[in-house]
Amino acid sequence: MPDLEITCAECGTAFPFTEREQDYYRERGLSHPKRCKPCRDARRANFGGPRQSGGGGGERERFEIVCDQCGKTDTVPFKPQEGRPILCSDCFSASRAQNRGA
Ligand SMILES: [Zn+2]
Ligand SMILES: [Zn+2]
C-alpha cells in the first residue's frame, strides 16, 4: 500500500500517513487518523490532564433521530448525516447482523 496524504481536520495541513503507520493502525483495528501529529499530540495533552474521579464519566452528546425504517425516535452518539438513511439502534443492529458475511 502506498503512502497516503491526509489533510488534517484541525489545521488543514496535509501530512503523510506512511505505509508503516497504515500497518500499525490496521493491526489495531483503528480508523485512519484525521489529524496531523502535532494536533493529535496537542489533543492528547488536553485529554491527558487530571482524570475526573468517580462515576458519571463517558457522557457524550447524543443526537435525536427518527428511524428511517420503523419511524421510532431514538438517540445516536454521532451526528446524523443529512440525506442518508438513519436507523434506530434496533434496526441498526438488525441490518448489521444481516450484512455480516455478505
Ligand atoms: Zn493539524
Ligand atoms: Zn428502527
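The values are calculated or read from the model by the stated rules, or taken from the named source; none is laboratory data. What you see is a predicted model; the values in this text were computed from it and never measured. Using ideal geometry, Cβ is built from the backbone for each residue, glycine included, and neighbour counts are taken over all protein chains shown. Accessible surface is based on the protein model in full, side chains and every heavy atom, while ligands, DNA and RNA are left aside. Shrake-Rupley method; radii C 1.70, N 1.55, O 1.52, S 1.80 Å.
Backbone amide hydrogens, once placed in the peptide plane, bring Ile6 within less than 5 Å of Phe15, Phe17, excluding anything fewer than 5 places away on its chain.
Over 23 Å apart: what share of the alpha carbon pairs of the chain falls there, rounded to a whole percent? Please report the intermediate quantities before stating the final value.
On the way: 2848 of 5151 pairs.
Here the long-distance tail beyond 23 Å is 55 percent of all Cα pairs in the chain.
Tell me, what % of the accessible area of the stretch 4-47 is carbon and sulfur with a 1.4 angstrom probe? Walk me through the intermediate numbers first.
Numbers: 1720 of 3420 Å².
So the carbon and sulfur contribution to the accessible surface is 50 percent.
Report the local net charge at Thr18: Lys and Arg +1, Asp and Glu -1, summed over other residues whose C-beta lies under 11 Å from its C-beta.
On the way: positive: Arg20; negative: Asp3, Glu5, Glu19, Glu21, Asp23.
Taking every other residue near Thr18 into account, the sum is -4.
Pair-distance distribution P(r) for the stretch 4-47, from all Cα-Cα distances in 10 Å bins starting at 0: 29, 52, 19 percent.
Per residue, the accessible area of the chain comes to 85 Å² when a 1.4 Å probe rolls over the protein heavy atoms.
Using a probe of 1.4 Å on the protein chains alone, the accessible area found for Phe78 is around 110 Å².
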